[in-house]
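Notes follow the structure.
The values are calculated or read from the model by the stated rules, or taken from the named source; none is laboratory data. Source: prediction; values computed, not measured. Methodologically, a virtual Cβ is constructed for each residue, glycine included, from the backbone with ideal geometry; neighbour enumeration extends over all protein chains shown. In case anyone asks, the SASA skips ligands and DNA or RNA and just uses the protein heavy atoms, side chains included. Shrake-Rupley method; radii C 1.70, N 1.55, O 1.52, S 1.80 Å.
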Amino acid sequence: MADVKDFISNDPIAWCPGCGDFGILNALKAALVKLGRKPKDIVIASGIGQAAKLPHYIKCNCINGLHGRSLSYASAVKIANRELTVLVTTGDGDCYGEGGNHFIHNIRRNTDITVIVHNNQIYALTKGQASPSTDEGYVTKVQTQGVISEPIRALEMAIVLGAGFVARGYSADMEHLSWLILEGIEHKGFSLVEVLQPCVSFNKKNTYEWYSKRIYKANDDPAYDPGNYVAALQKASEWGDRIPIGIIYKAEKASYEEKSGLNKRPPLVEEKIDDIDITGILKEYA
Amino acid sequence: MTIKISGEAGQGMQAISTALAKVFKKAGLHIFMNQDFMSRIRGGNNFSQLRVSERPVFTLKGKSDITVCLDKGSISIHKPDMAEKGIMITDRQKFGTEETGPGFFDAPFYDMAKKAGGSELFANSAACGVAAGITKISFRLVEEALKEIFADKPADVIKINIAAAKLGYDFSAKYFRSDAFAVKEGAAAGNLLMNGNEAITLGAIRGGCKFYSAYPMSPSTSIMENLSRYAKDFNIIVEQAEDEIAAINMIIGASFAGVRSMCATSGGGFALMVEGLSLAGMLETPIVAVDAQRPAPATGFPTRTEQADLDFLIHAGHGEFARAVFAPGTVEEAFYLTVKAFNLAEKYQIPVLIMTDQHLADSSRDIDPFDMDKAKVERHIISKEDSKKVTGYKRYQLTETGVSPMAVPSWIEDVIYADSDEHTEEGHITEDGKIRMSMVDKRFYKKMALLSREVEEPTAYNLSGADMVLVGFGSTYGVMKEACEATQGKKLGFIHLSQVWPFPSDHIAGLLKRAKKAVTVENNAGAQLAKLIRRSTGIEVDGSILKYDGRPFNADFLKEKASEAVNNGRR
């Protein structure tokens, strides 16, 4: 049996006190304990930003690379060894801004990875500029007249692009978030778990108080069917006085591993490569 | 003898030249074949050049002995490049042209195509037959070659192509009485016909590549296509990425997980990969990346050749880290160096770059089968068996050599932290200046020192007797070799580098000391190799023969330029 102690890292945490990231870290640990796999069998990939530091604060394999690129190496880790559990911890800037193209195409690729987007609606590591998800009108040191671009609608995008698991959590509701993460890991294929996460230093609008007033649990309504594409799109578009959290959309679809045939043979990393016989193909050039 | 086949894109020049190459190879002759494409799918002027010889051939000649024109436009384009006693094959009836005289042979191959198969589509096979007939080669070989070329086509299509070729062949037998272009069957040629990109593909398979990711870009794309053909049989995953940034980051991810991985692109795509290259340097993740160069800046000449990425490749990436850059000169080197690239990348946990160009990528030669004993996989990661014994693993453990043991995630009981921030031995983020210096020493100085010790030795030919020594890298090997061999009185020698980074400074300094005069031969405008030699050895060469029209050197052009350089000293 896995225990939360198995996942303790001795690396000192460099987040601001009160940061929403702590809730996500704890929720992730709780989900991994329930998952029951050893830390050595889990890889967490990240890019740049406060969210990207998370893999250091938990004991799992970690590949902490470049801004925006985490989905690329995460998918490839899964392709190289499909037996690993692969997660990504990324932020709204990392995933929706710098990594926007990889976000689009890794949803299409549909490797079995779980992407946790810490969405604090602001750039925190660079001290307070607008992110792709900052609300319109919000004033920053750069957007001095307020943000004029529309915020990205990542959940709707993900559904439209064909993601089979689209969820939203709230960092202050650890138990609910932990459930979402575990559901995401257990879903076969690309899973998006966006987490609303207050930034106590740079986002003075979307605070704990602001979110708490608006958030409601979509799955508490027995009439809501996350398998209904149209209803899910409508639910994902809700943003304002009421903001839904929970499993917004869920659909079974074939993963990259299934479609590429990877799942029918030993993991790529197990392939014997010491004396590959190419004499058969040389004949084609004769 | 040089045979040129010219026409519009889409007329099947490549099929004919490949068929003819096979014909002559079957006849025991040596082959060099290259493609000259425009960046378009239909129209324009494309041509294929085929050199046939009793002796091994490595490059092009300036003039063509037989020129096959599949369209009217080809006549005026290629007339100036006909050999003095060369012949041009045209279809006057189809083109409505008037060319007559000893230099022209009129053959109604469009008509023959219609007779054989009811369609002008088979004109290329008919023209192939006409050309073969002129060389008096046995038609049996033409038939065999066409069967091989069209092996994946329906039986009736193969039959029509052979029938069209036969009509062409018989026409030449009847109306082309001269033996001027008759070839004698040779003793034996190398038994494989292969181009540079095919050799890289086979090197990757032999070298244990199990994951390949790229975005299509000429002239690298055929590596991805070739590898895809064999992917299923060899359990290789070929993933077409959304862009080159994704491609290189994907291969870094697969490599982190223990799988040998590669990407290929051309200069523009490589520019996008540069950030990822730096990441591979920082994470100390082995990767192999190919830059098949084409003329730049920006889009340049998408389908033509250049060697202007030398400076770019040896310096690419923010920050300082170790790398190796190979520049294969021949099809054989492309194979062996690709295998070596995988071994070296893993041994030192570094990016290894293979710099080729369109000329090497798309030129085929007859070669002997590869020696598999010289193309062996050497593994340097902790094996699954040994992983059981690993405890207290630190990904960036400081060692004497700078190389830390590389473990595979999940094979060891410990976890692995790999980080692009400056990191501790454990792989956690640090801002400590002393650790920073140890890590830079490890990633940069120590690894570079070790890499320098096993650098590929340059090839040297006829240095002591020569009045002039040519110095080149990459695809100019063949043209330098032939220019030297064709020069009377041993006046020319050459030095060829198949590895340009770490720069083999000691070797080059030693070799250049033996040369009376030396000039670099480069398919670029900046004399990048000459400057690199000066930076690395302090030696200033006596000039550079530069070609930057997007076309490869040919042996005649180089011989002429080299003799000018002998006479004039500096360029």
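So how long is each side of the range B:100-180 along the principal axes, counting just the alpha-carbon atoms, biggest first, in Å?
The principal-axis extents, from largest down, are 40, 24, 16 Å.
Once ligands and nucleic acids are excluded and a 1.4 Å probe is used, how much of B:Ser410 is accessible, expressed in Å² to the nearest 10?
Rounded to the nearest 10, the figure is 20 Å².
Which whole number gives the average count of other chain Cβ atoms within 10 Å of the Cβ atoms across peptide A:258-271? Mind dumping the intermediate values first?
Values: counts 0, 0, 4, 4, 2, 0, 0, 1, 1, 4, 11, 13, 7, 7.
Going residue by residue through A:258-271 and averaging, the value is 4.
May I ask what percent, to the nearest 5, of DSSP beta bridges between residues of the protein assembly as shown are antiparallel? Intermediate values should be presented prior to the final figure.
Values: 32 of 109 bridges.
Given both bridge residues lie in the protein assembly as shown, the antiparallel proportion sits at roughly 30 percent.
Take every Cα-Cα pair in the range B:209-282 and report what % of them are more than 15 Å apart.
Values: 1335 of 2701 pairs.
Result: 49 percent of Cα pairs exceed 15 Å.
Report relative contact order for chain A in percent, whole number only (criteria: Cα-Cα under 8 Å, sequence separation at least 6).
Numbers: 586 pairs, mean separation 50.9, N = 286.
18 percent.
Please work out the average accessible area per residue across the protein assembly as shown, using the 1.4 Å probe convention, and give it in Å². The partial results should precede the final answer.
Numbers: 32340 Å² over 857 residues.
That works out to 38 Å² for each residue.
Can you report the principal axis dimensions of the protein assembly as shown using only the alpha carbons, biggest first, rounded to whole angstrom?
Here the Cα extents, ordered largest to smallest, are 96, 65, 58 Å.
Please work out whether chain A counts as rounded, prolate or oblate from its C-alpha gyration tensor, where a ≥ b ≥ c are the square roots of the eigenvalues and a/c under 1.5 means rounded, while otherwise a/b larger than b/c means prolate and anything else oblate? Display every interim value, and only then the final one.
Working: a/c = 1.67, a/b = 1.59, b/c = 1.06.
Note, shape of chain A comes out prolate.
Please work out the ratio of the alpha-carbon Rg of the range B:64-203 to 2.2 N^0.38 Å and round it to two decimals.
Values: Rg = 16.1 Å, N = 140, 2.2 N^0.38 = 14.4 Å.
Relative to the rule-of-thumb radius for its length, the range B:64-203 sits at 1.12.
Which value in deg cm²/dmol, rounded to the nearest 500, describes the helix-derived mean residue ellipticity at 222 nm for chain B, given -39,500 (n - 2.57) per DSSP H run of n ≥ 4 and division by the residue count?
On the way: 21 runs with 220 residues, N = 571.
Mean residue ellipticity, 222 nm, calculated: -11500 deg cm²/dmol.
First measure r as the distance between the Cβ atoms of A:Ala231 and B:Tyr445, then evaluate 1/(1 + (r/R0)^6) with R0 = 56 Å and state the FRET efficiency to the nearest 0.05.
On the way: r = 61 Å, r/R0 = 1.08.
Result of the calculation: an efficiency of 0.40.
Using C-alpha positions alone, give me the convex hull volume of the range B:76-116 per residue in cubic angstrom. If you can, show how the numbers build up before the last one.
Working: hull volume 3.2 nm³, N = 41.
In the range B:76-116, the Cα convex hull volume per residue is 78 Å³.
Order these peptides, A:177-189, B:126-138, B:78-90, by their mean beta-carbon neighbour count within 10 angstrom, highest first. Kindly include the intermediate steps, with their values, before the conclusion.
Numbers: A:177-189: 22.2, B:126-138: 26.2, B:78-90: 17.2.
The packing order, highest mean first, is B:126-138, A:177-189, B:78-90.
How high is the FRET efficiency from B:Asp432 to B:Tyr548, r the C-beta distance, R0 60 Å, rounded to 0.05?
Details: r = 48 Å, r/R0 = 0.80.
Efficiency for this residue pair is about 0.80.
Which of the helices in chain B meet the span-like rule: DSSP H, Cα axial reach of 27 Å or more, Kyte-Doolittle mean at least -1.0?
Correct list, ordered by number: B:155-175.
Suppose R0 equals 45 Å; then what is the FRET efficiency for B:Ser464 and A:Thr126 from their Cβ-Cβ distance, rounded to the nearest 0.05?
Numbers: r = 62 Å, r/R0 = 1.38.
Efficiency for this residue pair is about 0.15.
Summed for both chains, how many Å² of accessible area, to the nearest 100, are buried between B and A with a 1.4 Å probe?
Values: alone 23570 and 13710 Å², together 32340 Å².
Summing both chains' loss of accessible area gives about 4900 Å².
The range B:249-316: percent of C-alpha pairs farther apart than 14 Å?
Looking at the range B:249-316, the distances longer than 14 Å represent 57 percent of pairs.
Taking a ≥ b ≥ c as the square roots of the eigenvalues of the Cα gyration tensor of the range B:397-438, is the shape rounded (a/c under 1.5), prolate (a/b larger than b/c) or oblate?
It comes out oblate by the Cα gyration axes.
Can you pull the Rg over Rh of the range B:356-457, Cα-only, Kirkwood?
Values: Rg = 19.0 Å, Rh = 17.0 Å.
Radius of gyration relative to Kirkwood radius: 1.12.
Straight-line reach from B:Lys513: which aspartates and glutamates fall under 14 Å, measuring Cα to Cα and dropping same-chain residues less than 8 apart?
Correct list for B:Lys513: B:Asp467, B:Glu540, B:Asp542.
Counting only other chains, and only Cβ atoms inside 10 Å, what mean value do you get across the residues of A:1-10? Before the final figure, lay out the partial values.
Values: counts 0, 0, 0, 0, 0, 0, 1, 0, 4, 2.
Per residue, the number of nearby Cβ atoms from other chains is 1 on average.
Heavy atoms only, probe 1.4 Å: what % of the accessible area of the range B:294-358 goes to carbon and sulfur, would you let me know? Don't skip to the end; give the middle numbers.
Details: 950 of 1600 Å².
It is 59 percent, rounded to a whole number.
Whole-Hz Karplus ³J(HN,Hα) for the range B:364-372, in order, using 6.51 cos²θ - 1.76 cosθ + 1.60 and θ = phi - 60°, x for Gly and Pro?
Residue by residue, the range B:364-372 yields 9, 9, 7, 9, 7, x, 5, 8, 5 Hz.
Between B:Thr100 and B:Lys153, with labels modelled 7 Å along Cα→Cβ, what's the label distance in nm to one decimal, could you check?
3.5 nm
Please say if the range B:114-161 is rounded, prolate or oblate, where rounded means a/c under 1.5 for a ≥ b ≥ c the square roots of the C-alpha gyration tensor eigenvalues, and otherwise the choice is prolate for a/b larger than b/c and oblate otherwise? Each step should come with its number before you reach the end.
Working: a/c = 2.46, a/b = 1.25, b/c = 1.97.
Judged from the Cα gyration tensor, the range B:114-161 comes out oblate (a/c at least 1.5, b/c at or above a/b).
Which number do you get for Rg(Cα) / (2.2 N^0.38 Å) in the range B:210-364? Intermediate values should be presented prior to the final figure.
Working: Rg = 14.0 Å, N = 155, 2.2 N^0.38 = 15.0 Å.
Dividing the Cα Rg of the range B:210-364 by 2.2 N^0.38 Å gives 0.94.
Hey, can you list the residues from the range A:33-70 whose accessible area shrinks by 40 Å² or more with all protein chains present, relative to the chain by itself (probe 1.4 Å, no ligands or nucleic acids)?
A:Lys40, A:His56, A:Asn61, A:Cys62, A:Ile63, A:Asn64, A:Leu66, A:Arg69
For B:Asp170 and B:Glu454, compute 0.36 nm times the residue count separating them, minus their Cα-Cα distance, and round to one decimal in nm.
Numbers: separation 284, 0.36 × 284 = 102.24 nm, distance 5.73 nm.
Residue separation times 0.36 nm, minus the Cα-Cα distance, leaves 96.5 nm.
Could you tell me the largest-minus-smallest coordinate of the C-alpha atoms of the range A:5-159 on each of the three principal axes, in descending order and whole angstroms?
Principal axes ranked by extent give 50, 37, 24 Å for the Cα atoms.
In what sequence, largest accessible area first, do A:Lys59, B:Lys517, A:Lys141 appear using a 1.4 Å probe?
Details: A:Lys59 85, B:Lys517 60, A:Lys141 160 Å².
From most exposed to least exposed: A:Lys141, A:Lys59, B:Lys517.
Taking amide H atoms as placed 1.01 Å from N in the peptide plane, list the residues 5 or more away in sequence, or in a different chain, whose amide H sits under 5 Å from that of A:Gly146.
Result for A:Gly146 returns A:Thr140.
Just the Cα atoms of chain B: what Rg and Dmax do they give in Å?
That works out to 25.8, 85 Å for Rg and Dmax.
Which positions within the range A:99-132 get 10 Å² or more of their accessible surface covered by the other protein chains, compared to the chain by itself, with a 1.4 angstrom probe?
Buried-area filter returns A:Asn101, A:His102, A:His105, A:Arg109.
Can you list the residues of the range A:72-94 whose accessible area drops by at least 10 Å² going from the chain on its own to the full set of protein chains, with a 1.4 Å probe?
Residues of the range A:72-94 that lose at least 10 Å² of accessible area once the other chains are added: A:Ser72, A:Tyr73, A:Ala76, A:Val77, A:Ile79, A:Ala80, A:Asn81, A:Leu84.
Compute the distance in nm between two label points, each set 7 Å from the Cα along the Cα-to-Cβ direction, one at A:Asp221 and one at A:Thr207.
Spacing of the two 7 Å Cα→Cβ label points: 2.9 nm.
For B:208-218, what's the mean count of beta carbons from other chains sitting within 10 Å of each residue's beta carbon? Display every interim value, and only then the final one.
Numbers: counts 6, 2, 8, 5, 0, 4, 0, 0, 0, 0, 0.
Going residue by residue through B:208-218 and averaging, the value is 2.
Could you derive backbone 3J(HN,Hα) for the range B:461-470 from the dihedral phi with the Karplus parameters 6.51, -1.76 and 1.60 (θ = phi - 60°), listing whole Hz in sequence and x where the residue is Gly or Pro?
Listing the rounded values in order: 9, 6, 7, 5, x, 6, 6, 9, 10, 8 Hz.
If you count the DSSP beta bridges with both ends in chain B, what percent of them are antiparallel, to the nearest 5? Before the final figure, lay out each step's value.
Values: 26 of 70 bridges.
In chain B, DSSP labels about 35 percent of beta bridges as antiparallel.
Sum -39500 (n - 2.57) across every DSSP H segment of at least 4 residues in chain A, then divide by the residue count to get the 222 nm mean residue ellipticity, nearest 500.
Details: 9 runs with 81 residues, N = 286.
That calculation yields -8000 deg cm²/dmol at 222 nm.
Looking at the range A:150-286, send over the antiparallel percent of its DSSP beta bridges, to the nearest 5. All intermediate terms of the calculation are to be shown ahead of the outcome.
Values: 4 of 13 bridges.
If we restrict to bridges inside the range A:150-286, about 30 percent are antiparallel.
Within 10 Å of each candidate Cβ there may be at most 13 other Cβ atoms; applying that plus a DSSP loop requirement, which GluC sites (Glu not before Pro) in the range B:467-571 survive?
In loop regions of the range B:467-571 (DSSP not H, G, I, E or B), the sparsely surrounded GluC sites (Glu not before Pro) are B:Glu540.
Using a 1.4 Å probe on the protein heavy atoms only, what accessible surface does A:Lys213 show? Give it in Å² to the nearest 10.
About 150 Å², rounded to the nearest 10.
To the nearest whole percent, what portion of all C-alpha pairs in the range A:77-208 is separated by more than 18 angstrom? All intermediate terms of the calculation are to be shown ahead of the outcome.
Working: 4672 of 8646 pairs.
Of all Cα-Cα pairs in the range A:77-208, 54 percent lie more than 18 Å apart.
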